[in-house]
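As structure tokens, the structure follows; a few thoughts come after it.
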């Protein structure tokens, strides 16, 4: 729905929230459910209502805990039966500068202020520590916006006695904490307030009448920001930016105006704006976003345009270029199958409203921001939080290279005599081991991102993964696959719980980019040998159907399991007798 | 703007805010008559009315209004 896209329509979201909620609930039946505790230093009701809308829009169905606003610190520190029973998946701490109990005065000495800063920081830090310890879940914390008045005028920001200075130092401590704690995320309220306009944002009427720390109209903006962090934590970021070319990446039409005639580069103001936009898109690559082209053009012209000497983006930056005269929705499907990615993980940017509408009508679930003026293009991509960063794993950073290597594999396969020959020629090496600390982040990320080759669709946080690994009752294996074209990184995760002589599989997933390479065989061979070594006799596999994991419905059957149960929802249980298991020995060299 | 016209638009605001297309309000309607009209929903309601009629309620005014009739009086004066 368009009012969720930047610039969000807060008036509609506030006024029609009841109706919008009903609509969202009726459109989707495949929500992931999350429990979210909102601890507020001010009123949180409308924030919770709006957060609910944005999360539902992201496919997350939240249940909330909220309490009297003055109680957030006590709740967090000492717990409450209600909060403990609620057992949150996420804690969001919504505080503002008015919750800081003491500020420097003009009489304060430098040392006084340093001590006060330490104490104030400590007051919050012990609360975060406590929350992490008590609930082992991600904590999202607002940074502090600045007050709308400055006793010391311009010096308020630079003088150690200034309130603004104090708040900015406190924020720095908060950021340091975030750098040191992986499951702690800062919600940048300071930026939100600045971009919204501090005077309107901090309208004191809302604090004094209702104890809201911001004006009502700004609450959807705040809620979107929190929702962006949450959906990113649960792997619901977009993955691919699909770009139109003419009047989207450059001004003019390359087919008509020629490469010399299109506007990009330092010569004219419009060209500069396109350059800045292209540069931003190029930088998205560095956070793991894949780029593709979907343009109505002769391919030759498209490539020529992308090779414009002043253009930051080059053909090589894109993992797929579809420049032809086919309908764009068809091209979109072609890109999706080429990359083996869900089309709902795409963002499509196109200046032409008709083209956007055609793709929208195809109903792929992709994001299609409004691109009305070139000077707004960058914000239309950036502010929507499509690619919100909550963790940058090494895998994100090299993803573009991996997809390029895949394209080379496809070429090799086309030239190979048989599929077996092709697999052998890849010289595949797998590392299959118990979970290791350096991969915990990637493993958790995979459990949240993998939808298709995922038998149980169990979503795990990093702490869940750590707990599994630490427990004696589990066998947990990750699989990393490399071949002559490159390293695919960690691509498979399996984990099972030991009960007497059986291993019950709670996690079994694989990244689709290594489909049909024999990696699943390598994983099972290894699992069976580990299970036998500790005297187990059976592996019990579970398959829980979702709208996306149909491809592995018969996975266990293919692997030699026997079906032992099926319920009316299509959940199936499978059994493998280890005594009669014959290793599948795929064309992969396994390192333990 | 006539009182009638104000009521027409006001009813739409009420219907949106309370998520019930059957709501109609009149001079004598009070919070007790509308399901869900609590202090929290009141904030949303006032903001939606301000937006609909492009007016601003002063802090004092919102506290004083006893029923929808007084609300419409205020709107009538402001638009």
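What follows is calculated from the coordinates using simple rules that are stated; it is not laboratory data. Predicted model only: the values in this text are computed from it and were never measured. All Cβ positions, glycine included, derive from the backbone under ideal geometry; neighbour counts span all protein chains shown.
In the distance distribution for segment A:240-382, Cα-Cα pairs more than 21 Å apart total 36 percent.
As a length-normalised measure over Cα pairs under 8 Å and 6 or more apart, the relative contact order of chain A settles at 9 percent. The distance between label points at residue B:32 and residue A:22 comes to 2.8 nm (points 7 Å beyond Cα on the Cα→Cβ vector). Taking the square roots of 5 times each eigenvalue of the Cα gyration tensor of segment A:415-591, largest first, gives ellipsoid semi-axes of 24, 19, 17 Å. For chain A, treating each Cα as an identical point scatterer without solvent, what Debye log10 I(q)/I(0) comes out at q = 0.06, 0.11 1/Å? With one equal scatterer per Cα and no solvent, log10 I(q)/I(0) is -0.37, -1.17. Across segment A:240-382, the relative contact order, built from alpha-carbon pairs under 8 Å that are at least six residues apart, equals 25 percent. For segment A:325-403, a Kirkwood hydrodynamic radius built from all Cα pairs, placed in the Stokes-Einstein relation at 4 °C and 1.567 mPa s, yields a translational diffusion coefficient of 92 µm²/s.
Both numbers refer to the Cα atoms of segment A:2-233; Rg and Dmax are 18.0, 60 Å. Each residue, residue A:407 and residue A:337, gets one label point 7 Å from its Cα in the Cβ direction; the gap between the two is 1.9 nm. Full extension of the segment from residue A:300 to residue A:84, taken as 0.36 nm per residue of separation minus the current Cα-Cα distance, would add 71.5 nm. Shape class for segment B:3-78, computed from the alpha carbon gyration tensor (a ≥ b ≥ c): rounded, with a/c under 1.5.
Of interest is the spacing of the C-alpha centroids, which for segment A:360-435 and segment A:66-142 amounts to 39 Å. With no solvent and one equal point scatterer per Cα, compute the Debye intensity ratio I(q)/I(0) for segment A:41-142 at 0.11, 0.20, 0.21 Å⁻¹ and report its log10, rounded to two decimals. Treating every Cα as an identical point scatterer, log10 I(q)/I(0) equals -0.42, -1.08, -1.16.
Measure out, as a whole number of angstrom, how far apart the alpha-carbon centroids of segment A:441-458 and segment A:549-580 sit. Value for the Cα centre distance between the two parts: 19 Å. If you take the square roots of the eigenvalues of the alpha-carbon gyration tensor of segment A:371-481 and sort them as a ≥ b ≥ c, do you get rounded (a/c under 1.5), prolate (a/b over b/c) or oblate? In terms of gyration-tensor shape, oblate. Which whole number in µm²/s is D for segment A:449-500 by Stokes-Einstein, with the Kirkwood Rh taken over Cα pairs at 4 °C and 1.567 mPa s? Answer from the Stokes-Einstein relation: 102 µm²/s. Legend: ranking of residues A:408, B:64, A:61 from fewest to most surrounding C-beta atoms inside 10 Å; resulting order B:64, A:408, A:61.
Our summary gives segment A:2-233 a relative contact order of 23 percent, counting only alpha carbon pairs under 8 angstrom and 6 or more residues apart.
Put simply, when A:211-222, A:181-192 are sorted by average Cβ atoms within 10 angstrom per residue, most first, you get A:211-222, A:181-192. Of the peptides A:378-385, A:113-120, the ranking by mean beta-carbon count within 10 Å, highest at the top, reads A:378-385, A:113-120.
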